[in-house]
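The values are calculated or read from the model by the stated rules, or taken from the named source; none is laboratory data. Here the structure is a predicted model, which is why all the values come from computation and not from measurement. Heads up, the Cβs are rebuilt from the backbone with ideal geometry, glycines too, and the neighbour counts pull from every protein chain shown. With ligands, DNA and RNA removed, areas are computed over all heavy atoms of the protein, side chains included. Shrake-Rupley method; radii C 1.70, N 1.55, O 1.52, S 1.80 Å.
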Amino acid sequence: MDFLAPRSAQEQMVRHVEEGCPYRADDVMAPEQAVSTGTTIMAVEFDGGVVMGADSRTSTGQYVANRASRKISKVHDKIFVCRCGSAADTQALTGFVVNYLGQHAVELGKQPTVNTAANLFKMIAYNNKDNLLAGLIVAGYDDKRGGQVYSIPLGGSRIRVPWACDGSGSGYIKGFIDSHYRPGMSKAECLEFVQKALCFAMSRDGSSGGVVRTLVITKDKVEESMIEGNKLPFGP
Amino acid sequence: MVQVEEPQDYVDVLQSHRGGFSFENCKRNAYLAAQAGIKPPTAMKSGTTICGIVVKDAVILAADTRATNGPMVADKNCEKLHYIAKNIYCAGAGTAADLQHTTEMMESQIELLRMATGTQPRVCTVVKRLSSMLFKYQGYIGCALVLGGFDVTGPHLYQIYPHGSTDKLPFTTMGSGSLAAMAIMEAEYNENMSIEEGKKLVAKAIRSGIFNDLGSGGNVDVCVITKDAGGNILRNYEKPNERKFRAQHKAFPKGTTPVIKETIMKLVSVETDVVMRD
């Protein structure tokens, strides 16, 4: 199974199988190889909203299972989540939160807050941390706190941050983000910044690639855009 | 090293009473394999090529027909296209038993749902039910599926992995021959194809799997799902591996074996004066 960051060969063994266990490839008792999003995802707050971004590569071991996947999933009208780690785990987790948050919104009679959504993600991620491989970035806009970004890394903690970046490609660009990010960017500035950072990560990280998908969430609307793989601002 | 867990305190006892799934036996199997060298049994798996495409007004699925058991071909003409509903079919790769059981269970669930609601079943319903189930079993049900259907919202094609992740795509391939088939798909797929062109493309992709992947072989099965006619399986749409030479057995001429002696025995004696009772 593929993990977020490339590690030693031994650690890349299938989950649930103990170290040194002589399983063969055709063994039915071993679980099937998992699909994982060796990824670059990020979300950045700006003046009046948030920008979310992700690459589009989903891999099974060395094979690209989907070259145009969507790793930014809708949770509610103005709340979205960037997913990285095991595709099955993060999809299931998102499904649960969509369900719970939908019910909550009906009871509340108004738009739920990003804080609530992030807390739901954290609760499920933390309570099942032994069985999940899910890194999440929850971001969105609500009238209470404006644009917000919450990072929920592997262990199931929840931190509010001005920007978050996760996945196997994140290591290549954190320095770039540190040096170029500043609070109070404009929408266009922030979008360009996210797209550029993702291009850098995709050119250096083998598990990230395809197209750049971005989402801009502001008070009034949600805008989705995509840059094709051959029209990236920074090539390999 | 693996240890078989024994309850240490009341917390462990409480944990053991919480219910839900237990993967204890998976740990035990790993322990037995490591310590006693006992290998768990193997099941029949279909090293497979399956694929599916969405064309202008249809969804087309296709599969090869080889089932393997280790290095042996277990079935040369098995059927890998499964019926879910009139308008929904699915092609399966992975463990044969799991695939058959899963698709049959889904077929019955969807038929019951159709009767209860009185509406045409939708592809997204099947996808959600399958992915929830596969996720629950954490990859231990070896089902890799290409699911296609035509419902009230249009044509849909999904791929579902054994761990329960799903992707919605215009064209897809799965199984051990998926790389060979994807090469054909990537080169020739186009969303404005006609049904006839689509059938030719999926058959070509499967043929590429049959010839270039050891786990795939046999014939090509195709399934076309349209809005009006629903699904239609074209069994053995192409037969690229037909047997060319048949072993010829001539009958032995009379007298090949000399007759040494001849005895005729009466095995049944028939009595003629039987009186019928009324």
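Among the listed pairs A:Lys174/B:Lys128; A:Lys71/A:Lys122; B:Lys168/B:Lys239; A:Lys221/B:Lys136; A:Lys122/B:Lys39, which have their C-alpha atoms separated by more than 28 angstrom in this model? Violating the 28 Å Cα-Cα cut-off are A:Lys174/B:Lys128; B:Lys168/B:Lys239; A:Lys221/B:Lys136; A:Lys122/B:Lys39.
Scanning residues 5 or more positions from A:Ser168 or on other chains, those with amide H under 5 Å from its amide H are A:Thr39, with H placed 1.01 Å from N in the peptide plane.
When the residues B:Ile53, B:Ile38 are ordered by accessible surface, computed with a 1.4 Å probe over the protein chains alone, the sequence from largest down reads B:Ile38, B:Ile53. Here the protein assembly as shown is treated with +1 on each Lys and Arg Cβ and -1 on each Asp and Glu Cβ, and its dipole about the Cα centre works out to around 680 debye.
Taken per residue, the accessible surface of region B:50-238 reaches 41 Å², heavy atoms only and a 1.4 Å probe. Panel values: region B:138-177, Kirkwood radius from alpha carbon pairs, Stokes-Einstein at 10 °C and 1.306 mPa s, translational diffusion coefficient 144 µm²/s. Kirkwood Rh over alpha-carbon pairs of region A:46-151, then Stokes-Einstein at 20 °C and 1.002 mPa s: what D in µm² s⁻¹, rounded to an integer? It comes out at roughly 149 µm²/s.
The angle between the Cα long axis of helix B:24-35 and the longest principal axis of the Cα atoms of chain B comes to about 70 degrees, rounded to the nearest 10. Between 0 and 90 degrees, the angle of helix B:195-212 with respect to the longest Cα principal axis of chain B falls at about 80 degrees.
Pop out the carbon and sulfur fraction of the accessible area of region B:50-238 as a percent, whole number, probe 1.4 Å. The nonpolar share, carbon plus sulfur, comes to 53 percent.
Among the trypsin sites (Lys or Arg not before Pro) in region B:198-278, those located in a DSSP loop and surrounded by at most 16 other Cβ atoms within 10 Å of their own Cβ are B:Lys227, B:Arg243, B:Lys244, B:Arg246, B:Lys250, B:Lys254, B:Lys261, B:Lys266, B:Arg277. Sorting the segments B:66-73, B:6-13, A:45-52 by their residues' average number of neighbouring beta-carbon atoms within 10 angstrom, most packed first, yields A:45-52, B:66-73, B:6-13. For chain B, the mean residue ellipticity at 222 nm estimated from helices alone is -9500 deg cm²/dmol, where every DSSP H run of n ≥ 4 contributes -39500 (n - 2.57) and the total is divided by all residues, rounded to the nearest 500. For the peptide A:54-66, the mean number of other protein chain Cβ atoms found within 10 angstrom of a residue's Cβ is 2. Working note: Cα gyration tensor of chain B, eigenvalues times five, square-rooted, sorted largest first, giving semi-axes of 43, 33, 25 Å. Contact with the other protein chains removes 30 Å² or more of accessible area, compared with the isolated chain and a 1.4 Å probe, from these residues of region B:119-155: B:Phe135, B:Gln138, B:Tyr140. For region B:50-238, the relative contact order is 31 percent, taking Cα pairs closer than 8 Å that sit 6 or more residues apart in sequence and dividing their mean separation by the residue count.
Of the GluC sites (Glu not before Pro) found in region B:180-227, those in coil by DSSP whose Cβ has at most 12 other Cβ atoms within 10 Å are B:Glu191.
In a DSSP loop and with at most 12 other Cβ atoms within 10 Å, the chymotrypsin sites (Phe, Trp or Tyr not before Pro) in region B:203-278 are B:Phe245. Mind grabbing the interface size between A and B? I mean buried accessible area, both sides, 1.4 Å probe, in Å² to the nearest hundred. In total, this chain pair buries about 2800 Å². Accessible area per residue for region A:139-236, computed on protein heavy atoms with a 1.4 Å probe, is 49 Å². Against the main long axis of the alpha-carbon atoms of chain B, helix B:123-136 sits at an angle near 90°. As a ratio to 2.2 N^0.38 Å, the alpha-carbon radius of gyration for the protein assembly as shown is 1.21.
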